[in-house]
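Every number in this text was worked out from the coordinates using simple rules, so none of it is lab data. Worth saying up front: this structure is predicted, and the values here are computed from it rather than measured. With ideal geometry, Cβ positions are generated from the backbone for all residues, glycine too; neighbour counts draw on all protein chains shown.
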Amino acid sequence: MPWRDCWVALGALRRGVAVQSSVDAADGVKARRILFSLGEHAGDMLAALDALDRFERAIVECDGPSAIEAHRLNCLVILDRLAANGQPRAIC
C-alpha cells in the first residue's frame with residue numbers, strides 16, 4: 001500500500017478514536033492492521049499500540065469520563081505524531 005493510502009488510513013483511525021465511545025473487536029483489529037502497515041520504528045508503533053490498548057481498556061472497564069478522555073487524548077497525540085513524521089521507513 002502506498003504511503004498516501006497509509007496516511008489516509010491513519011487519518012481515518014484518528015477520526016475514529018476521536019469519536020469512539022465503545023469498543024468493537026473488528027474495529028480494534030482494523031486499527032492495529034493500520035498501525036502495523038505504517039512500517040514505523042518499533043518504538044513508535046509500540047507507543048501507538050500501547051496508547052490504543054489503554055484507551056480501549058478504559059472504555060471496556062468503564063473508567064470515569066475524565067480517565068477515558070485522558071487516554072483518548074494521549075492516543076490522539078501519538079497518532080498525530082505518527083502522521084507528522086512523514087513517510088514511513090518501509091513501504092506499507
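Kirkwood analysis of the stretch 3-84, using all unique Cα-Cα pairs, places the hydrodynamic radius at 12.6 Å.
A simple spin-label model places pseudo-atoms 7 Å from Cα toward Cβ; at residue 59 and residue 24 they are separated by 1.0 nm.
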